[in-house]
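The structure appears below as structure tokens.
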Amino acid sequence: MFKTEPIMINFGPQHPSTHGVFRMRITFDGERILDLEPVFGYLHRGIEKLGESKTYAQIVPYTDRLDYLASMTNNHAYVLAVEKLAGVKVPERAEYLRVIMAELMRIASHLMTVGFLLNEMGAFMTPLLYMWREREKILDLFEMVCGQRLTYNYMRVGGVSQDIPDEFMPALRRFIDEMPGFIDEYEQLLAENEILLARTKGVGILPPEKAINCSISGPVLRASGVKWDIRRADPYSIYHRFDFEIPTCQNGDAYDRYRMRILEMRQSVRIIEQAMAETPDGEIRTKVPAMLRPPKGEAYGHIEGPKGELGFYLVSDGSPNPYRFHIRAPALINLTMFRDLCIGNLLADALIILGSIDICMGEVDR
Amino acid sequence: MTTPLPGEDVAKRIGEHLPDAVTDFDETAVFIRDQDVLDVARFLKEAPGLEFDYVTSITAVDYREHFEVVYHLTSIKNNHSIVLKTRCHQRDNPRVPSVVSLWQGADFQEREVYDLMGIAFDGHPNLKRMFLWQGFPGYPLRKDHQSGV
Amino acid sequence: MERPYDSNELDAAEGAEIEALRQACKEPYPDPVQWLDEDIERSVLVSSVDYIIDWGRRFSLWPVNCGLACCAFEMIGLAASRFDISRFGMELFRASPRQADLMLVAGTLTWKMAPALKRIYDQMPEPKWVVAMGSCAISGGPFRDSYSVVNGVNLILPVDVYIPGCPPRPEALMHGLILLHRKIGKETFLKKR
């Protein structure tokens, strides 16, 4: 008697819930998703090609603008790759400062992920504004160090650009002392919340074998039960000196992906406390020529960023500009199984899945 | 510590299974023939002791006379890694077999290489431009691309 | 599964639209400020009707959600509780352009996104204003030499206020918006813009 037809709806590049300019063409049967085609490229700025005409030091500000919510970790990954290529050693104080900045950045990025995920669930701005409050404190700390709130350009090949002022450590101490209390506040308000549980439990379950096959990395992989964190598996910088856990969750649904971020924030606070206690005095930067000419060769440097494994593949031909500059973007690769997770679910679930994977279009499109 | 396996050992093991596939090796990388990519990848994924189950990164470099497609493979089970490289000498229509059937994570990365560098992957389920639009002239990451700004 | 649309056709149509826009938009739009100078030359105060209408318009500007890249996060920072755009009546970022009158272009505009941005601008009802936030929206910024970046939003839309910075602090954005308020306050209702 009734005839139904599938309909295609364009979830346009301009949308409040798509985490930037991300487009999807979704085929629906009623509210159920039959097929989903992601369309990228609305923020493709050609950073890889631009990098080939800049010197190694000039590329650092471009790396800030990749995942703009986690600029410090982007800088860290890039300077690690260049230091591997050129064989530059970094002084101790710089390593400790880098770790402190990277972990603070991880906390700020996870706060944003959780805040925006809850935004999409319908808690319109309240959790986001609560988490923004903490993020503003972290941004104040960063502004004290390097003068910028969003795109820091703080790390350099061979160290960091400036030393911390005297008021930084007391301010950091105050922040670290009160941060666990705030994480407890979020847990108390959110962890047993009925709406959160109803909307995320059992949504978008990712089995661990599929996660490994799809090259997923970061909190999404660990939420599926695979204990793989670059800071433990292939330690870079001085992470082998710190005592921290790698939390994992069992089910791999959106709730676990949300829970991972809360657990990782606690571990980051632990790392910062240990790093603060041990930071030595000394130089903050090894002298490196401004027109650095690394020897011919290639290097792949990777870190555990807040969104996953961020890697830089650099090929050098002996000149001051890289011959090839490739960015292994975790957000793009984590979207590989997005289509498979969404098929069969409702549209509202698709948004929750997208929010729990946590993408940032600057990194997806580069 | 993720041990980068020496190119020589991996080349020897591949050579035992697929005799003509390896063309060269150095300390970190193994060079294979472009038509053998899929077979070598299957061997690396399934061979006991190697078991590369995770493809970290697929990219391509334009060396003017040839293209080089670079695969960074990791084994989460055994915590080691290898770099696999293949060279395409045809500039007009470079083609390499796709590894999407083995690792789904290669999907978007191969599409990106096709979009920006112009190397086609045979067997890819959805090979079309991703970042740039249909009708964009040329392939921007090639060294001879004139950017028409 | 069989899709009810042909993905290649849609992509080809989109590609053709982008190339057409790229060829058509080589010269920037003139900034809509000529009437400002004429006003000063006439040196008469805006009439009382104009004053009330402008007062209403400028203290209830509703921006449309147009955050493209990093500057979007300083825009959201302005909307958050520390810098608080709500004191100017602007905290409602409308998702639909039909209900908005201010377009805050925050972030890098690429040629692929340009037709969509132009469509959003065309869908906004008059009177409408455009603010270019950040150096990417003003002139292409650090990505000016790239093969896919529009060198400034004013190639596609007429821009009222330019706010420099990379990204501009929320206070800088607020200053730009206050300048826009002053500009709106000088408009006369009866004259065509």
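Things worth noting here:
- Hits in segment C:1-26 (condition: at pLDDT 85 or above, more than 9 Å from every other protein chain (Cβ to nearest Cβ) and in contact with a helix residue (DSSP H, G or I) (Cβ under 9 Å, 6 or more places away or on another chain)): C:ALA20, C:LEU21, C:ARG22
- Residue in segment A:113-134 that is of a type in the set (D, E, K, R) and within 23 Å of C:PRO167 (Cβ to Cβ) present: yes
- Residue-level check: of (1) within 24 Å of A:SER217 (Cβ to Cβ); (2) surrounded by fewer than 21 Cβ atoms within 10 Å (Cβ to Cβ); (3) without any contact (Cβ under 8 Å) to a residue 40 or more places away in the chain; (4) of a type outside the set (Phe, Trp, Tyr), B:GLN134 misses just (1).
- Residue selected from segment A:20-38 under the condition within 21 Å of the chain's Cα centre (by Cα) and facing chain C (nearest Cβ under 10 Å), by the criterion nearest to A:ASP349 (Cα to Cα): A:ARG23
- Listed by position, the strands (runs of 3 or more DSSP E) inside segment A:1-99 whose residues that are within 22 Å of A:ALA331 (Cα to Cα) number at least 3 are A:23-29, A:32-39.
- Comparison of A:LEU141, A:LEU172, A:LEU128, A:LEU150 shows that the only residue that is within 11 Å of chain C (Cβ to nearest Cβ), buried (at least 16 other Cβ atoms within 10 Å of the Cβ), under 30 Å from A:LYS287 (Cβ atoms) and touching a residue at least 12 places away in the same chain (Cβ under 8 Å) is A:LEU150.
- Counted residues, segment A:300-326 - those being more than 17 Å from A:SER215 (Cβ to Cβ) and not in a loop (DSSP other than H, G, I, E, B): 6
- Of the residues A:ALA102, A:ALA70, A:ALA81, the single one that is out of contact with any helix residue (DSSP H, G or I) (no Cβ under 7 Å at 6 or more places or on another chain), among the small types (Gly, Ala, Ser) and more than 10 Å from chain C (Cβ to nearest Cβ) is A:ALA81.
- Filtered residues of segment A:296-320 (kept if more than 11 Å from chain B (Cβ to nearest Cβ) and more than 21 Å from A:HIS44 (Cβ to Cβ)): A:LYS296, A:GLY301, A:ILE303, A:GLU304, A:PRO306, A:SER316, A:GLY318, A:SER319, A:PRO320
- Top-ranked residue in segment A:247-270 [being of a type in the set (A, V, I, L, M) and crowded, with 23+ Cβ neighbours inside 10 Å; ranked as farthest from the chain's Cα centre (by Cα)]: A:ALA254
- Within the span defined as segment A:353-365, every residue fails to be of a type outside the set (Val, Ile, Thr), assigned to a loop (DSSP other than H, G, I, E, B) and more than 30 Å from A:GLU31 (Cα to Cα).
- Qualifying residue in segment C:119-128 (condition: under 13 Å from the mean Cα position of the chain (by Cα), within 25 Å of C:MET174 (Cβ to Cβ), outside any loop (DSSP other than H, G, I, E, B) and more than 9 Å from chain A (Cβ to nearest Cβ)): yes
- Taking the criterion of being farther than 22 Å from A:TYR56 by Cα and either in contact with a strand residue (DSSP E or B) (Cβ under 6 Å, 6 or more places away or on another chain) or without any contact (Cβ under 8 Å) to a residue 40 or more places away in the chain (or both), the residues of segment A:86-118 that qualify are A:ALA108, A:GLY115.
- Flag for A:ALA57 being more than 10 Å from chain C (Cβ to nearest Cβ), in contact (Cβ under 8 Å) with a residue 24 or more places away in the chain, among the aliphatic types (A, V, I, L, M) and surrounded by fewer than 24 Cβ atoms within 10 Å (Cβ to Cβ): yes
- Boolean, A:THR73 is touching a Ser or Thr at 6+ places or on another chain (Cβ under 9 Å) and polar (S, T, N, Q): yes
- Leading residue by the ranking (surrounded by the fewest Cβ atoms within 10 Å (Cβ to Cβ)) among those in segment B:92-114 that are of a type in the set (D, E, K, R) and closer than 19 Å to B:ASP34 by Cβ: B:ASP92
- Subset of segment A:288-347 that is among the basic types (Lys, Arg) and free of Cβ contacts under 8 Å to residues at least 60 places away in the same chain - its residue that is surrounded by the fewest Cβ atoms within 10 Å (Cβ to Cβ): A:LYS296
- Scanning segment B:115-131 for residues that are assigned to a loop (DSSP other than H, G, I, E, B), surrounded by 18 or more Cβ atoms within 10 Å (Cβ to Cβ) and of a type in the set (D, E, K, R) turns up just one, B:ARG129.
- If you go through segment A:231-283 and keep only what is among the acidic types (Asp, Glu) and not in a helix (DSSP H, G or I), you end up with A:ASP234, A:ASP243, A:GLU245, A:ASP253, A:ASP281, A:GLU283.
- In the set A:ILE303, A:ILE327, A:ILE357, A:ILE333, only one residue is closer than 15 Å to A:HIS110 by Cβ and under 18 Å from the mean Cα position of the chain (by Cα); that residue is A:ILE357.
- For the residues A:THR73, A:THR4, A:THR63, A:THR27, the requirement of being in contact with a Pro (Cβ under 6 Å, 6 or more places away or on another chain) and either surrounded by 24 or more Cβ atoms within 10 Å (Cβ to Cβ) or free of Cβ contacts under 8 Å to residues at least 40 places away in the same chain (or both) singles out A:THR27.
- Number of the exception - A:PRO165 against (1) assigned to a loop (DSSP other than H, G, I, E, B); (2) at pLDDT below 90; (3) within 26 Å of A:ILE272 (Cα to Cα): (2)
- A:ASP358 being crowded, with 24+ Cβ neighbours inside 10 Å, in contact with a helix residue (DSSP H, G or I) (Cβ under 9 Å, 6 or more places away or on another chain) and modelled with pLDDT under 90: yes
The values are calculated or read from the model by the stated rules, or taken from the named source; none is laboratory data. Everything numeric in this text was worked out from a predicted model, so none of it was measured. Because the Cβ atoms are built from the backbone with ideal geometry, glycine has one as well, and the counts that use them run over all protein chains shown.
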